[in-house]
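Before any comments, here is the structure.
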Amino acid sequence: MANPEPSPGFASAGNDSAKSDLERLMSEAREAQVESPVEDAPVKPPNLLVWAGIAGSLVLISVAIHFFWPAS
C-alpha cells in the first residue's frame, strides 16, 4: 500500500476541473500574447560614475574610521 489509487469522488473531480481551467487560462493567455505581444522596456546601462563615487566615499569613510577612531 505504498501508492494507493485515488478513489473517484469530489477531490479527483475538482482536481480535473482545476487542471482544465488552468490549461484553458494558459491557452487564452498565450493567444492574447500572440495577438498583442508585450514589448520589453529599454534597458538603460548603469551610471558607473555614481557607483564609483559611492565606492570611493565608502573607502574614505573606512580609512578615516581606521585611522581617526580612538582605540580603547
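The values are calculated or read from the model by the stated rules, or taken from the named source; none is laboratory data. Quantities reported herein were computed from a predicted structural model and do not represent experimental measurements. Methodologically, a virtual Cβ is constructed for each residue, glycine included, from the backbone with ideal geometry; neighbour enumeration extends over all protein chains shown.
Observations on the model:
- Screening 8, 70, 45, 4 for residues that are modelled with pLDDT under 90, surrounded by fewer than 10 Cβ atoms within 10 Å (Cβ to Cβ) and under 34 Å from the mean Cα position of the chain (by Cα) leaves exactly one candidate, 45.
- A count restricted to region 48-66 and to residues that are of a type in the set (Val, Ile, Thr) and either more than 27 Å from the chain's Cα centre (by Cα) or not in a helix (DSSP H, G or I) (or both) stands at 4.
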